[in-house]
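The values are calculated or read from the model by the stated rules, or taken from the named source; none is laboratory data. Remember, it's a predicted structure, so these values are computed and weren't measured experimentally. No Cβ is skipped: glycine too gets one built from the backbone with ideal geometry, and neighbour counts run over all protein chains shown. We work out accessible area using only protein heavy atoms, side chains counted, and drop any ligands, DNA or RNA first. Shrake-Rupley method; radii C 1.70, N 1.55, O 1.52, S 1.80 Å.
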Amino acid sequence: MLGIKALPREEIEAIFSLAKSFQEISTREVKKVPALRGKTLINLFFENSTRTRTSFELAAKRLSADVVNFSASSSSLAKGETIIDTVKNLEAYHPDIFVIRVGSSAALYALTQHTEASIVNAGDGRNEHPTQALLDMFTVSQQLGSCEKLKVLIVGDILHSRVARSNMFGFRKFASQIILCGPPSLVPFDCAEEGIRVEYDLDAAVESADVIIMLRVQQERQTSAFFPSLREYSKNYALTPRRLARARKDALVLHPGPVNWDVEIHSSLKWRVHPLILKQAENGLAVRMAVLFSVGTKKRTL
Ligand code: ASP
């Protein structure tokens, strides 16, 4: 499961129906099924994470897999071991699944050459974050009935966002229209050529959207100044009560987290938007259970 770009729509739908059936497990008193008993999963995170890492760990445990968590800062990487040698060494323990977050997609693809295990991409630099898009789309289809023919507005730091890229690939497979909105310096040039609408004025962009995906400003990936200041950014691109009032009453507002309140979304909107953002996190667990079950039992890359 390296990305949404190459994932057929039918596979996405199959993951959604599995996720739907797995949701119920988390409401049981004993939150565990033996679906991946005897399988070993290694969570390999070379970049920070809260939601993705913990939900993959819980998802694997709820399916009865054995889980090992590896974090770069406490490993021998700190002693100079390379990422590839690290994976080769972990490969010696015969894991079935690696869940990997790494700073570049070249590194992720290189790692695929050094393991027999299935690999799930948990974020490769600014390229893709497939399970985030799956959980976003799953949340939308639960709320609106489907992901079909919607207007999906993605706002903010699109240039550095793997979440934006995976969602663009995913929603377009369902004939949804993508509208991108952000400072011109943070919207990639080739988007318009790909048939994606680009809008720089957020006041206008929110009006017709069924779904509004707000993105975090990826300061850790910005190598130069893409806008004058965070204050200036939020003046033009934060979701405020005034802007949200221009949107459709039933428009869904999503955010992958972590949210920087008052930078991307005005904190006075917390009561309105946070419940659905937390629902995304909850759905992330069921979607990751579905993904792990698919790769763990099919023994191939999706
Ligand atoms: N958690 C998401 C990611 O890892 C979004 C973000 O960090 O802004 O890409």
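Rounded to the nearest 5, the antiparallel percentage of DSSP beta bridges internal to the chain is 5%. Taking a point 7 Å from the Cα of Thr297 along the Cα-to-Cβ direction, the residues of the stretch 115-136 with backbone N closer than 17 Å to it are 118. Expressed as a whole percent, the accessible area of the stretch 110-176 that falls on carbon and sulfur atoms is 41 (1.4 Å probe). Entry note, the chain: the mean residue ellipticity at 222 nm calculated from DSSP H runs of n ≥ 4, each adding -39500 (n - 2.57), is -12000 deg cm²/dmol after division by the residues and rounding to the nearest 500.
Mean-square fluctuations from a GNM of the chain, with a 10 angstrom spring cutoff on Cα atoms, peak among Pro241, Pro228, Pro275 at Pro228.
With all protein chains in place and a 1.4 Å probe, the accessible surface of the stretch 1-102 carries 52 percent carbon and sulfur. Under 26 Å of direct C-alpha separation, and excluding same-chain neighbours fewer than eight residues apart, Lys151 reaches these lysines: Lys5, Lys20, Lys173, Lys235, Lys249, Lys270, Lys279. In the stretch 132-262, the ratio of gyration radius to Kirkwood radius, Rg to Rh, stands at 0.93 when only Cα atoms are counted.
Between the stretch 230-279 and the stretch 132-210, the C-alpha centres lie 15 angstrom from each other.
Note on the chain: with a GNM built from Cα contacts shorter than 10 Å, the maximum mean-square fluctuation among Leu269, Leu180, Leu135 falls on Leu269.
Computed from backbone phi with θ = phi - 60° and the Karplus coefficients 6.51, -1.76 and 1.60, the 3J(HN,Hα) list for the stretch 215-220 is 10, 6, 6, 8, 4, 5 Hz; x is used for glycine and proline. Residues in the chain average 44 Å² of solvent-accessible surface per residue, probe 1.4 Å, ligands and nucleic acids excluded. Each label was represented as a point 7 Å from its Cα along the Cα-to-Cβ direction; for Asn89 and Arg37 these points are 3.3 nm apart. Here the chain is assigned +1 on the Cβ of each Lys and Arg and -1 on the Cβ of each Asp and Glu. Its dipole about the Cα centre then comes out at about 700 debye. Surface composition of the stretch 219-302: carbon and sulfur atoms hold 55% of the protein heavy-atom accessible area at a 1.4 Å probe. Any idea what % of Cα-Cα pairs in the chain are farther than 37 Å? When all Cα pairs of the chain are counted, 15 percent exceed 37 Å.
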